[in-house]
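Following: one structure in C-alpha cells, then a few remarks.
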Amino acid sequence: MRYTIDINRTHMITLRPHQERIVDRLQNYNKGQVIVPTGGGKTLTMIMDAKSSMDRCNSGVTTVVVAPRILLAEQLCSEFMEVIDPNNSDPYLHVMHVHSGETHHVSTTKADKIHLYANCARTMGENVIIFTTYNSLHRVMEADIEVNNIYFDEAHNSVKKNFFPATEYFADIKNADRCYFYTATPKHSLAATKPGMNWSVYGQVLANIPAPELVEGGYILPPKVVVKQLPLIKGRKVMYADDCDNLLETIDDNNIDKTLVCARTTKQIINLLTHSDFCAELYQRGYSWMTITSKTGGIIDGQKVNREEFFNTLNTWGKDPEKKFVVLHHSILSEGINVSGLEAVIFMRNMDYIGISQSIGRVIRLGGSEKKFGLVCIPTYDRVGISTAKKVQAVVDVVFNQGQPAISEIRR
C-alpha cells in the first residue's frame with residue numbers, strides 16, 4: 001500500500017518502502033516495538049499513523065508523544081506540525097507540551113490542567129497531541145485522560161527505574177488504545193529485578209529494519225571507521241594539551257570540515273576551551289566552534305547563547321557548504337536530535353552500545369552530493385581510546401555488516 005501526504009497541495013511526501021511496512025504493521029497491531037536505525041525516518045511513520053488515526057475518527061483523538069529530552073520533544077512537535085498542520089490553520093487540532101521547557105504552545109506540568117485541556121477538546125470532538133518527556137510522563141498518567149495513541153521515541157530510555165511505572169501504565173490496553181515503542185537501540189534486561197524491553201510490557205517487535213537495507217536504498221550512509229593511532233601516554237595523566245594536539249591532528253589528517261566531538265567529561269570540554277590552544281588553533285585553520293552542556297549552556301565562538309540560537313546556528317552552519325566548525329558535547333547531542341551536514345564524529349570517550357550507535361547516527365544522515373559515508377574517528381593515545389576503538393568497531397560490525405540492532409543488556 002502506498003502512503004502519501006499532500007502538504008499545501010503542492011508538496012507530496014511519499015513513504016519509503018520500509019516506512020510503508022512499519023505503518024502497515026501499526027495499522028494491524030495495537031502495541032509493539034519498532035526497531036529502526038538512526039536516520040531511517042521513524043518520525044514520519046509516527047506522524048502518518050497519528051494522522052490516519054485522526055482522519056478515521058470523527059469524535060476526536062488524543063495522541064501522546066514521549067521523548068527523552070525537552071529539546072527532542074520540541075523537535076518532534078515541529079516535525080509533526082510541519083506535516084499535519086503546516087499552516088497552523090486547523091481549528092480542531094490542539095497541541096500541549098507537558099515538560100518544564102519553554103514553548104509557544106500551551107504548556108503545563110499540572111495534572112489537573114492536562115485533564116481539563118484534553119477532556120474539553122474531547123468533549124468538542126477535537127484532536128489533541130501532547131508532547132512530553134519521560135521525566136514528565138507521570139504527570140500525563142496522573143491526569144487520568146483517555147489516550148488513543150502513544151508513541152515512545154528513543155524507547156530504550158523508558159526502562160529507567162523512575163520512568164518505567166508510567167511506561168508500564170500506558171502499555172496497558174486499559175490506559176491507552178494503541179501504544180508503540182520506537183528505538184534504534186533496544187535495551188533488554190537479564191536481571192530479574194530490573195525492567196527491560198520485554199514482550200509482556202512492550203509487545204512483540206512489529207518491524208526490525210536492518211541498516212544495510214537503508215544503506216542499499218540510499219536512505220542513510222555507511223560509516224567509515226578510522227582509528228587514529230597516536231603515541232601512547234603512559235605513567236602520567238593525560239594533559240589537556242595532549243587532548244588538544246591529538247584532537248587537532250585527527251581533524252587535520254582526515255580533512256574534516258564539520259565534526260561532532262564526544263568529550264569524556266564537561267570538565268574536559270571546559271579545559272580544552274580555556275586551558276589549551278585549541279580555540280586559537282581552530283581559528284587559524286578557519287574553523288568556528290560551539291559547545292553545549294547542562295553546566296555551561298550553549299556557547300558559540302566564546303559567546304554564550306540560548307538553546308534556540310545554538311540549534312538554529314548549528315543547522316545553518318550544517319547546511320552551509322563553505323562553513324567549517326567543531327561541536328563539542330558530552331551527551332546532549334547523542335540521541336535523537338537532527339543536525340544537518342555533520343561529516344564526522346570523534347570519540348574521545350567510551351560509551352555503551354546505545355551511546356555509540358546513537359552518536360554514529362548523527363553523521364550517517366544524507367548530506368551534500370560529495371558525502372559518501374559518515375566518518376567515525378577514534379584517536380587512541382591511552383587505554384580509554386583503545387577500548388573505545390574496539391567497542392565502536394564491534395557496534396559497526398553488528399549494525400552495518402550483520403544488519404542487527406545494537407542491543408544493550410542490563411545484567412545486574
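Readers should treat all values here as calculations from the given coordinates under stated rules, not as data from a laboratory. Just so we're clear, the structure is a prediction, and the values are computed from it rather than from any experiment. Here Cβ is always computed from backbone atoms with ideal geometry, including for glycine, and neighbour counts include all displayed protein chains.
Rounded to the nearest 20, the Cβ-based charge dipole of the chain about its Cα centre (Lys and Arg +1, Asp and Glu -1) stands at 1140 debye.
Across region 216-407, Cα pairs under 8 Å and at least six residues apart give a relative contact order of 31 percent.
Dipole size in debye (nearest 20) for region 200-299 around its Cα centre, Lys and Arg Cβ +1, Asp and Glu Cβ -1? Don't skip to the end; give the middle numbers.
On the way: 10 positive and 11 negative charges, 98 e Å.
That gives a dipole near 480 debye.
Pairs of Cα atoms in region 4-209 fall into 10 Å distance bins, from 0 up to the last occupied one, in shares of 9, 37, 39, 14, 1, 0 percent.
From the alpha carbon centroid of region 71-136 to that of region 165-195 is 22 Å. Largest GNM mean-square fluctuation among Glu82, Glu370, Glu126, using the chain with Cα springs under 10 Å: Glu370. Of the residues Thr293, Asn312, Phe325, the one whose Cα sits farthest towards the positive end of the charge dipole of region 278-326 is Thr293 (charges of +1 on Lys and Arg Cβ, -1 on Asp and Glu Cβ, taken about the Cα centre). Of the peptides 190-197, 376-383, 72-79, the order by per-residue mean of other Cβ atoms within 10 Å, starting with the highest, comes out as 376-383, 72-79, 190-197. Reducing region 208-231 and region 27-65 to their Cα centroids gives an inter-centroid distance of 27 Å.
To test your reading of the geometry: what angle, between 0 and 90 degrees and rounded to tens, separates the Cα axis of helix 307-319 from the longest principal axis of the chain? So the inclination is approximately 70 degrees. Highest-first packing order for the peptide set 24-32, 148-156 is 148-156, 24-32, based on the mean count of other beta carbon atoms within 10 Å.
Here the Karplus curve 6.51 cos²θ - 1.76 cosθ + 1.60, taken at θ = phi - 60°, turns the phi angles of region 71-79 into couplings of 4, 6, 4, 5, 5, 4, 4, 4, 5 Hz, with x standing for Gly and Pro. Note on region 216-407: with charges restricted to the Cβ of Lys and Arg (+1) and Asp and Glu (-1), its dipole about the Cα centre is near 500 debye.
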